[in-house]
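Heads up: the structure comes next, in structure tokens.
The values are calculated or read from the model by the stated rules, or taken from the named source; none is laboratory data. The shown structure was predicted, so the numbers you read here are calculated from the model rather than taken from an experiment. Methodologically, a virtual Cβ is constructed for each residue, glycine included, from the backbone with ideal geometry; neighbour enumeration extends over all protein chains shown.
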Amino acid sequence: MLVNQKTFQLKSEITDDWGGSHRVVFDLEALATAQDWKLGVSLPNNYKIDQIYGAELTQADGKTYISGVNWNKYLDKGEKTEIVLIIDKGKNSNSTPLIPQLFFADSVNNSVIKSSNKANFALNFDSQVVEDWKGGYKLELDLTAKFEAKDWQVDFSLPYTIREAYGVDLIDRGNGNYTINGQSGWVNLQPGQSIQPILIVNDNGQPALSPEPKSMSWVSETVAKPVTKTEDIVAEPDANQKIINVDHDFGGNLASAIAAAKDGDVVQLGSKIYYTDGITIDKDITIDGQAGSVINGGGTSKSILNLTSGATGATIQDVEITNGNNGIYGYSVFDLTLQNLNINNIGKSNTIRDGQNNTGIVLNRANGLQLLNSSIQDIGRKGVGINDTDGAIISGLSVKNINLEAQHSQSHDAAGIKFFNTNDITVKDSYLSKINANHIWNDTTTGTVIDNNVVENVGTNFLIPEFNRNVNISGIYNEKSPNSIIKNNNVTSVDRFLALNATEFSTETAILESNNFSSFELNTRDYWVNESVEKLIALTENPDAANFSLFADEYYAQANIG
């Protein structure tokens, strides 16, 4: 029997994404007796249910249903069951994984759902006070869509005045009542998508408080689409793919689990710390963590994770990486997905000023990279460095506490996020602060898009290294980089420091739209060592044909990197 929405309390989660397919878990708790229960299920065109566990699929009248099996088709109030679906994305292999829509006997087409029950919200809503000063504080929100949420908004109350909002549109409804809703590309959220807006709050010296949502509204399509090919619903499992549980299968030995994995396998981490002095990944595998998963380098002078070309197509997600020289290092690894990572305490205890060291993530020749929704903080030299790369998306990063002890020269290679000799890179929807270096450094590139980022208080943490007094920093440094698009950014700086510094060659072709810069300067000095060679690198489409090696000797002859 097709049940009503009040029959179950329903939670859903995407637990694995393998590119062409992904795994969805539904947790159902009976709120009333459910006998021979049935739920409708809907997926967009080209998606299909490849496997199902804990329930069975049936069809009737062109619609698809999930129903209980022998051991769970009758549930008393309070009883729980779990259903697992493996979803084949079909032609949408590069798309965001989706949670199938479930529909009930009382579902309504394109209904606007309003909820005051937090358990039924479309968005997980978390918040934390990240800075607190006399008279105010900074509040960081974390909103993650549990399922598709179109035109979403969140209502909450806070007994203080919210002075500024970044990453969302804010409506002050008076008497401490506020509404936030999606901005730019975040008006509609797909399952698993996250945003981290920032609110600046005036508290008049009172204790900093975090809000709790009072209600949410969103638009959700709840009507099933017919499945045209019955034979596509259930297919044989992929015999070549294996899920490797590090703890159960290898006694917690992460290096052994990765060594045993083959292309396409998923290496699942437990909620624990895995110690290593450096692991090489040379296969197209998924490293899949969970809350509490930590890879600790134990202070190694190596890279904690070293990716070779054999790791092309790999995914690393949902894990903390800490305590080493580099967090992740890669060379000639294409189509890499890095998401929901926490990379911290990198390159602080063992300063190495030459080469590519003391960096959270450093990737060379990383075409097709997607670096998403990650926190990178407490780094000795540079948060993210992308070099010699065609096409990449960096989105939803929080980059903080970089080079605060001036261990590295800001005029050499310290930075929050730095691109060198790249084409068509996008960095968007990210937040950067407390960086004693250029925050976003776009150096000798073509076609970089810098969109909708928040960079705060450039210069507040400025400290000059003892070995090199000829240094400076800025919020966005657009250096020798033609055809850049810089739009919708909000950058603040203090004293003499610039929110935007764009060199002459960059300014000639730059597009600047709808930015809020507290200060800026255009047409500044372009070339430092060899103008013709540096211009050649900036304009040559193939990063391998013209790169840093063309002027490395001249550069190091005059550089003071300590």
Here, strands (runs of 3 or more DSSP E) confined to the range 375-428 with at least 2 residues that are over 22 Å from residue 528 (Cα atoms) are 375-379, 382-387, 390-395, 398-402, 423-428
Note to self: Condition check: surrounded by fewer than 18 Cβ atoms within 10 Å (Cβ to Cβ), without any contact (Cβ under 8 Å) to a residue 24 or more places away in the chain and β-branched (Val, Ile, Thr). Does residue 33 satisfy that?
What the structure shows: no
Every listed condition ((1) out of contact with any Gly (no Cβ under 9 Å at 6 or more places or on another chain); (2) in contact (Cβ under 8 Å) with a residue 40 or more places away in the chain) holds for residue 350 save (1)
Per the list (1) at pLDDT below 80; (2) part of a loop (DSSP other than H, G, I, E, B), residue check on residue 6 breaks on (2)
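The rows are residues; the columns are (1) in the same structural domain as residue 258 (by TED's automatic domain parsing); (2) over 26 Å from residue 434 (Cβ atoms); (3) under 18 Å from the mean Cα position of the chain (by Cα).
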| site | (1), (2), (3) |
| --- | --- |
| 314 | yes, yes, yes |
| 321 | yes, no, yes |
| 328 | yes, no, yes |
| 345 | yes, no, no |
| 354 | yes, no, no |
| 367 | yes, yes, yes |
| 372 | yes, no, yes |
| 380 | yes, no, no |
The correct count of residues that are within 23 Å of residue 389 (Cα to Cα) and either touching a His at 6+ places or on another chain (Cβ under 6 Å) or among the acidic types (Asp, Glu) (or both) in the range 302-352 is 1
All-but-one check, residue 411 against (1) within 21 Å of residue 344 (Cα to Cα); (2) of a type in the set (Ser, Thr, Tyr); (3) more than 14 Å from the chain's Cα centre (by Cα), failing number (1)
Residue count, the range 452-479, condition modelled with pLDDT of 95 or more, surrounded by fewer than 24 Cβ atoms within 10 Å (Cβ to Cβ) and in contact with a helix residue (DSSP H, G or I) (Cβ under 8 Å, 6 or more places away or on another chain), comes to 0
Return yes when residue 433 is among the hydroxyl-bearing types (Ser, Thr, Tyr) and outside any strand (DSSP E or B) and no when it is not.
no
Exactly one of 557, 545 is surrounded by fewer than 17 Cβ atoms within 10 Å (Cβ to Cβ), aliphatic (A, V, I, L, M) and part of a loop (DSSP other than H, G, I, E, B), and that residue is 545
Of the residues in the range 325-359 that are in contact with a Lys or Arg (Cβ under 7 Å, 6 or more places away or on another chain) and part of a strand (DSSP E or B), the one that is surrounded by the fewest Cβ atoms within 10 Å (Cβ to Cβ) is 331
Across the range 497-508, the tally of residues that are farther than 23 Å from residue 421 by Cβ and either β-branched (Val, Ile, Thr) or modelled with pLDDT under 95 (or both) stands at 0
Within the range 141-152, the count of residues that are crowded, with 19+ Cβ neighbours inside 10 Å and touching a residue at least 60 places away in the same chain (Cβ under 8 Å) comes to 5
For the range 480-506, the count of residues that are within 26 Å of residue 547 (Cβ to Cβ) and surrounded by fewer than 18 Cβ atoms within 10 Å (Cβ to Cβ) equals 2
Filtering the range 100-140 for residues that are within 17 Å of residue 178 (Cβ to Cβ), modelled with pLDDT of 80 or more and either in the same structural domain as residue 455 (by TED's automatic domain parsing) or surrounded by 14 or more Cβ atoms within 10 Å (Cβ to Cβ) (or both) leaves a count of 8
In the set 225, 214, the lone residue that is among the charged types (D, E, K, R), at pLDDT below 80 and either in contact with a Leu (Cβ under 6 Å, 6 or more places away or on another chain) or not in a strand (DSSP E or B) (or both) is 225
message: One residue is enough: does the range 295-307 have a residue meeting the conditions outside any strand (DSSP E or B) and either of a type in the set (Phe, Trp, Tyr) or surrounded by fewer than 19 Cβ atoms within 10 Å (Cβ to Cβ) (or both)?
response: no
**residue 308 being in the same structural domain as residue 365 (by TED's automatic domain parsing), closer than 19 Å to residue 21 by Cβ and among the β-branched types (Val, Ile, Thr)** = no
